[in-house]
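To start, the structure under review is shown below, and the notes come after it.
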Amino acid sequence: MNERLQYMFADYVAPWLIRGLGSSLRIHQIDAHNIEAARDERGHLLFACLHGRMFLPVWHHRKEHATTLVSQSRDGEIVARLVHRIGHNTVRGSSTRGGREGLRAMVEAGKSNSIAMMVDGPRGPREDPKMGTIALARLTGMSILPTVGSASASWEFGSWDAFQLPKPYSRGFILYGEPLVVAKSTKGEEAMEQVRLELKRRLIELRKRADRIASGEEEG
C-alpha cells in the first residue's frame, strides 16, 4: 500500500472500523476512584499506558481529548492521523527524534488538556517506561495515573509490543493504579531512575492483574 493510500486508510477507513469495534465492547473500569485522585487542579490527567495495551484506554477516554506524543516517523504520521480522528490531540516527537521539542510541547499541552503517554514506545523495550514520562510529571506537577487495558477475547500481534486488539463484543477491563507523584525536588539521575522503576513495577503488576481479571482467574 503506497503512502497516499495509507493516509486515506488512517483518515477514513480505520476510524470507522475502530468506532464499530469500540462500540461493541462491554468495558468495565477497575479502581476508577484513582482517576479523580489523579486529576490536577485544572481537572487534567496524565495517563501512563503501555504501548501494547493502549487500545482500550485510548478508545474509552476519547472524550477526554488528551494530547499524546507520537513518533515523527511515517508510521507515526499514520498513528497521529488515526488518533486525531478518534478525538485526541497529538504532539510529534519521541525519545529518539525530536525528544526535547516534544517534551516542551507536552508540558505546554498539559496546561489545557489531559496527557496520555505510551510510556514504553515507540520502539520498546516492552513494558519498560522511558524517562520522558517522569520528567513530564515533574515539570507539570501532574500525578502519573498507571492505566492498563485487557480484553476477555483478543488478537495479539507479533510486534515488539505484543499489541492487543480486543475482539468484537468481548469484555474489556481498564485498570487504574494508584497515582504516582513526582515531586519537584526529584532531581538527579538516580532519583529519577527510582521513580521510573517504580512506575515500571506498578504497570507490570497492573497488566498482570488485568489479564487475570479478563481471563476470569480473578474477580474485578
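The values are calculated or read from the model by the stated rules, or taken from the named source; none is laboratory data. The structure presented is a predicted model; accordingly, all values stated were derived computationally and were not measured. FYI the Cβ positions are ideal-geometry reconstructions off the backbone, even for glycines, and counts take in every protein chain you see.
Observations, loosely collected:
- Residue check, M118 more than 28 Å from I30 (Cβ to Cβ) and out of contact with any Gly (no Cβ under 7 Å at 6 or more places or on another chain): no
- K200 vs. criteria part of a helix (DSSP H, G or I), of a type outside the set (S, T, Y), surrounded by fewer than 15 Cβ atoms within 10 Å (Cβ to Cβ) and within 17 Å of the chain's Cα centre (by Cα): no
- Flag if R207 is within 24 Å of G43 (Cα to Cα) and basic (K, R): no
- In the stretch 1-37, of all residues being small (G, A, S) and touching a Leu at 6+ places or on another chain (Cβ under 8 Å), the one that is surrounded by the most Cβ atoms within 10 Å (Cβ to Cβ) corresponds to A10.
- Helices (runs of 4 or more DSSP H) (entirely within the stretch 53-147) containing at least 1 residues that are buried (at least 20 other Cβ atoms within 10 Å of the Cβ), modelled with pLDDT of 90 or more and among the polar types (S, T, N, Q): 131-140
To keep it simple, each residue is scored yes or no on (1) modelled with pLDDT of 95 or more; (2) over 21 Å from the mean Cα position of the chain (by Cα); (3) within 30 Å of R138 (Cβ to Cβ); (4) outside any helix (DSSP H, G or I).
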position: M1; (1), (2), (3), (4): no, yes, no, yes
position: D11; (1), (2), (3), (4): no, no, no, no
position: E41; (1), (2), (3), (4): no, yes, yes, yes
position: F47; (1), (2), (3), (4): yes, no, yes, yes
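- Contacts under 6 angstrom Cβ, first residue in the stretch 184-199 being at pLDDT 90 or above, partner of a type in the set (A, V, I, L, M), 6 or more apart: M192/I134; V195/I134; V195/V182; R196/M131; R196/I134; L199/L180
- In summary, G216 fulfils each of the numbered conditions (1) at pLDDT below 95; (2) loosely packed, with under 14 Cβ neighbours inside 10 Å with the single exception of condition (1).
- Lone qualifier among V195, V182 - being touching a strand residue (DSSP E or B) at 6+ places or on another chain (Cβ under 9 Å), more than 24 Å from S24 (Cα to Cα) and part of a helix (DSSP H, G or I): V195
- Criterion violated by H51 - all others in (1) touching a residue at least 40 places away in the same chain (Cβ under 8 Å); (2) closer than 21 Å to R126 by Cα; (3) more than 14 Å from the chain's Cα centre (by Cα) satisfied: (3)
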